[in-house]
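A short write-up of the structure that comes next.
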Amino acid sequence: MSNARIQPRPVADTTGRPDFISIKNFGFWYGDKKALESMTFDIPERQVVAFIGPSGCGKSTLLRNLNRMNDLVDGISHEGDIAIKGQSIYDPGLEVISLRRRVGMVFQKSNPFPKSIYENVVFALRVMGVNNRAVLDEACETSLRKAALWDEVKDRLNDNALGLSGGQMQRLCIARAIANRPEILLMDEPCSALDPIATGKIEELIHELKTQFTIVIVTHSMQQAARVSDRTAFFYLGKLIEYDTTEKIFMNPGQAQTEAYISGRFG
Amino acid sequence: MEENQSKSTEQLSESRFQVSRSTLLIDSWMGRIIRLGGISVVVAVFGMLGFLVSQIFPLFSKAKVEPLTLVDFTQASSVAWGEDEYGELPFSCDTKGNITFRKAKDGSLVKTWTADFKTTPITLEGQTTPAVSIPVTAIKTYPRDGLVLLGLADGSVRELKISYKITFAKNGIRELEPTVDLQYAGKIGELNGPILEAWSVKGPEGKLYLSRQQKDGHDVITGRRLVERKGLSGKAKVTVSEPFPIAADVTDLERVLVPSTADSILVIRKTGEVRVYDNSENTFSLMQSFKPFGEAKNQTIAAAGFIFGNVSVVFQGNQNEEVVWSLYPQKQADGQLLRRWGKIHDCETLAGVGQGIFPAAGNKCYLSVAGGRMQIRNMTNESIRWEGAAPASPIQQVVFSRNYNRFSVLCEDGKLYRWSITDHHPEASWSTFFGKIWYEGAEAPDYTWQSSSGSDEFEAKYSLVPLIYGTVKGTFYALLFAIPIALLAAIYVSHFLRPEWKNVIKPLMEIMASLPSVVLGFLAGLWLAPLVDTHLIPILCVIAILAPSALLAGYVWSKLPQPVRRRVGAGWEFAYLFPFIVLCAYGAWQMGPLIESTFFTVKDLASGQNISDFREWWRQSTGLSYDARNSLVVGFVMGFAVIPIVFTIAEDALSNVPNSLISGSLALGASRWQTVWTVVVPTAISGILSAIMIGFGRAVGETMIVVMATGNTAVMEANPFNGMRTLSANIAVELPEAAAGETHFRALFLGACCLFALTFIVNTFAEILRQRLRERFKMN
């Protein structure tokens, strides 16, 4: 079956709030099409949760609802609620911009802005109105160090970010997402366009980052889910089939569909 | 059967891979046709450029001068000459007044006319004094008028009219038969001494005869008028005035210049002083005296001559000086503006002592002789048209033909050297088109475009600078109005407006782009210009209030509680903004008259009453002009023509920014505006620049709107409340009136070339900038 279980994985930090992100009876529609069936589960603080499932199962849709990126799509509607630290993200008094500052996101395809590496990293701070050069410099270095990119780019911070390699660009996007120190980091198949070496670096990075951030990662690679996550949620046709510790999902899945998927019989 | 089947499968499988002949044929032919199309586009562009250059090239060529046959009059003492209209039968006049006609073609003698003027025999006390011949002492020819004026030793003059009778022989060859008729005989002054010099000019009031004689070692100039008045019966009655002295106060007289208009006389003294006597009443009185080479210098004047038009004189000195003085309005000490002589050109000249200045007919060129060289120069732009060696023998007289295609030099040895001259554009030079030129009658050098006038003596002025200025000014005001509106609209439509609205607005803007500019020009000239003229302050108030009211609306919006704002869906904010702005604009419109009466009240010069009128206030307080068809109107309407194309292209560029960048920015907690301003606009900047460039190109080349809405005055003022004349409008207005091949026609083509160069330079610069920006913000 999967050789992921032989990979060593750091122990999950269980000291944080267990219902850091709380999804309650949440369902979601694109127009008339129901994309997510009503589901309820909690994501604990400072743990890595992987969403797995075949294409079109709704895992990305759920991820994009956590920072309300789906608001950009026309004709959406939802039921139930998602709360972060007990506050509903649909609260009319809550600015969506402040939600997104709290919940950072890394996309499937790296999308650095056509600006310098430096300006990419400090972008979130700049839009928050920080213009103090010392603060920006420090944030830039810290973020790049956290994203394990500092040593590679420290001499060319003013070069165009588009001159970096694919793996470096994705790490730059991670550095950019953590520069304003969000609480949650959403990763939408961050390694799908990368080679194994770059993938390895990103996975190491996720291990590092989870000491500070709550990470939700969508992935097509079950090995990756097994390697990086503490908990795994399996989706199928818009339904949450199973959600449990990663070990339980991969060693002893509770549902036949999960078993079939992780053993590679479909999907 | 089985065999057959297998064969057919084999055949099928083979033919599957075969390409039909027609596919290949069409492919190769289409390739050729497309290549042909591409090449013909390139050829067409270069052909057009080549045509433009071929049209303007002759403007910058020098005169071509080629020698014609030499006519030897074999009269050693020839002093003056003249010729017929065709230059076929020149004549010379020797010191005795004898006239010889010779054929220009072969120099053969046609006719001689011997001067023989006798005194009338007087019978006194039965003794008859026989008639004695009176020697000729002064000779002057007016070749273009066919006049020969002879001054005699007894103080009288004889004016001879040379006419040519044209007959056509049976074989169609033109034959000329010269006749010499005595036209006037009489005395000018009361002195009986020999006439040293005589002039005959035709002024507006009639003929004026002048003579120079000596009395007690002094030069005496005397004038006499012949005024011809036609009575009702048609009978002409000639009145001869009493002789009157001219410049009686002058000593050391060197030479006298008499313009053919007879309105003033220039007397040059040996000291280098020029005294101008102006025609007033029936005599001439001193108007001005000056030293052409500078008051300090006691520089004698070697030669001088009136230029065609009789308001400018070229003076030649002994030490390589050549200056042009002209009559133009000058401010006097008492503040009055009077026409006085002043120096307008200081030319580099031939080395050596000046030997003569001979004007051309019909244009401002003249031939100057010095140090054995001859030079034809255009007085106005100082350009040298031609230079060559002068004949060895001293030059007596140089005459240009009426249409400036020939000039001939009569030398003392009786030889007439003839040249043909090909110079179609003597008035054209770089400085004519692009430099400041001091035209006759102007107060200072200036850039002037004035291509035609009612008068024949008018000198056309072809400075393209005011037109280039007008083009840039019109474009500037149009872009000032269009670019902010078009770009903000493009940003709004591409990133803030709901898609269903966008799908309506974009095609609507494209329809707006197809509105014929003649319709816009018509609206500008006949509807908008009068509206702006009468409601200027309210309109300016509305423009001024738009941006602040939008900002105020935004501020109020940001202070509204979040639940209220959420009720207005994303992309529907304009429903709130629009009434707000309309209300503000209406308020500003209503405030207009109040503002005008508060700030712009002036005393009306006509009625002496206080009126509140911005236009009058502008004229009085700035001293600048105010026209109804002004830059503001052009800016509005040309801006209206430019907005749609700039909008369309910029909107495309902004919409094409990848969504991944926008989501990336939004996910980092940037607001929509921050996303647009910091991510979308920089990424789309090269496309936006293209949009601006295309808008610029449209505004620069726009013709109908500017023809109809600018007033077409070629002025150079940054004043927003007057009009302009643009290069394109100039071509549209004047090309129908310009004769093909003449300077005016070619100057218009030069304007077209400038227009081309203007867009070419700006577009090249913008393209380089665009490439750089694209490199900087390129997307992988």
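Put the Cα centre of the range B:42-62 next to the Cα centre of the range B:223-240 and the gap is 57 Å.
Each part gets one Cα centre, and for the range A:121-179 versus the range B:689-743 those centres are 52 Å apart. Let me know the whole percent of all Cα-Cα pairs from chain B that are separated by more than 33 Å. So the portion of pairs separated by more than 33 Å is 68 percent. Computed over the range A:4-262, the Cα gyration tensor eigenvalues convert (square root of 5λ each) into semi-axes of 30, 22, 17 Å, ordered from largest to smallest.
Based on other C-beta atoms within 10 Å, arrange B:Arg158, B:Arg377 from fewest to most. If you can, show how the numbers build up before the last one.
On the way: B:Arg158 20, B:Arg377 27.
Ranking B:Arg158, B:Arg377 by Cβ neighbours within 10 Å, fewest first, gives B:Arg158, B:Arg377.
If you count Lys pairs in the range A:4-262 whose Cα atoms are under 22 Å apart, skipping same-chain pairs closer than 8 places in sequence, the total is 27.
Once the piece of chain linking B:Ala361 and B:Lys161 is laid out straight, how much longer is it, given 0.36 nm per residue of separation minus the C-alpha distance between them? It would help to have the intermediate numbers written out before the result.
Numbers: separation 200, 0.36 × 200 = 72.00 nm, distance 2.01 nm.
The span from B:Ala361 to B:Lys161 would gain 70.0 nm if fully extended.
For chain B, the relative contact order is 9 percent, taking Cα pairs closer than 8 Å that sit 6 or more residues apart in sequence and dividing their mean separation by the residue count.
Placing a pseudo-label 7 Å from each Cα along the Cα-to-Cβ vector at B:Leu176 and B:Ser280 gives an inter-label distance of 4.4 nm. The label-point distance for B:Arg21 and B:Leu480, in a model that sets each label 7 Å from Cα toward Cβ, rounds to 7.0 nm.
What separates the Cα centres of the range B:339-355 and the range B:468-494 is a distance of 50 Å.
Taking a quarter of the surface of the Cα convex hull of the range A:142-218, what do you get in nm²?
Details: hull surface 19.6 nm².
Its Cα hull, projected and averaged over all orientations, spans 4.9 nm².
What the Cβ-Cβ distance of A:Asp19 and B:Arg774 gives, at R0 = 51 Å and to the nearest 0.05, is a FRET efficiency of 0.55.
Across the cross-link table entries B:Lys187/B:Lys237; B:Lys165/B:Lys237; B:Lys140/B:Lys364; B:Lys140/B:Lys291; B:Lys331/B:Lys603; B:Lys96/B:Lys270, which are compared at the Cα atoms, the separations over 25 Å belong to B:Lys165/B:Lys237; B:Lys140/B:Lys291; B:Lys331/B:Lys603; B:Lys96/B:Lys270. Inter-chain neighbour count for B:655-668: the average number of beta-carbon atoms from partner chains within 10 Å of each residue's beta-carbon is 6. Other protein chain C-beta atoms within 10 Å of residue C-beta, averaged over A:92-100: 4. Checking the a/c ratio against 1.5 first, then a/b against b/c, what shape does the Cα gyration tensor give for the protein assembly as shown? Prolate shape, in that a/c is at least 1.5 and a/b is the bigger ratio. Could you pull out which residues in the range A:183-208 have an amide N less than 19 Å from a spot 7 Å beyond the Cα of A:Ser165, following the Cα-Cβ vector? So the set is A:190-206. The label point for B:Leu68 and the one for B:Glu510, both projected 7 Å from the Cα toward the Cβ, are 6.7 nm apart. Calculated FRET efficiency, B:Ala185 to B:Ser108, Cβ-Cβ distance, R0 = 25 Å: about 0.20 to the nearest 0.05.
How high is the FRET efficiency between B:Thr95 and B:Gln336 when r is their beta carbon distance and R₀ equals 56 Å, given to the nearest 0.05? Kindly include the intermediate steps, with their values, before the conclusion.
Details: r = 48 Å, r/R0 = 0.86.
After rounding, the FRET efficiency stands at 0.70.
Sorting B:Ile595, A:Ile249 from the fewest to the most surrounding beta carbons within 10 angstrom yields B:Ile595, A:Ile249.
Order of B:Arg340, A:Arg46, A:Arg176 from fewest to most other C-beta atoms within 10 Å?
Numbers: B:Arg340 17, A:Arg46 20, A:Arg176 29.
Least to most surrounded, the residues fall as B:Arg340, A:Arg46, A:Arg176.
Here's the picture: a label point sits 7 Å out from the Cα of B:Leu531 along the beta-carbon direction, and within the range B:710-726 the residues with their amide nitrogen under 19 Å of it are B:710-711. Name the residues of the range B:736-780 whose amide N is less than 19 Å from a point 7 angstrom out from the Cα of B:Val41 along the C-beta direction? It comes to B:760, B:763-764, B:767, nothing else.
Computed over the alpha carbons of the range B:591-671, Rg followed by Dmax gives 23.9, 70 Å. Note on A:109-116: average number of Cβ atoms from other chains within 10 Å of each residue's Cβ is 6.
Net charge in the neighbourhood of B:Leu560 (other residues with Cβ under 12 Å of its Cβ; Lys, Arg +1, Asp, Glu -1) is +3.
For the pair B:Arg402 and B:Val564 in one chain, pulling the backbone fully straight at 0.36 nm per residue adds 49.5 nm over the alpha carbon distance.
If I take every Cα pair under 8 Å that is 6 or more residues apart in chain A, average their sequence separation and divide by the length, what percent do I get for the relative contact order? Intermediate results must be reported in sequence, preceding the final value.
Values: 510 pairs, mean separation 75.0, N = 267.
After rounding, I find 28 percent.
We did not get these values from a lab; they are worked out from the coordinates using the rules stated. Everything quoted here is computed from the prediction, not taken from an experiment. Ideal geometry is used to build each Cβ from the backbone, glycine not excepted, and the neighbour counts take in all protein chains shown.
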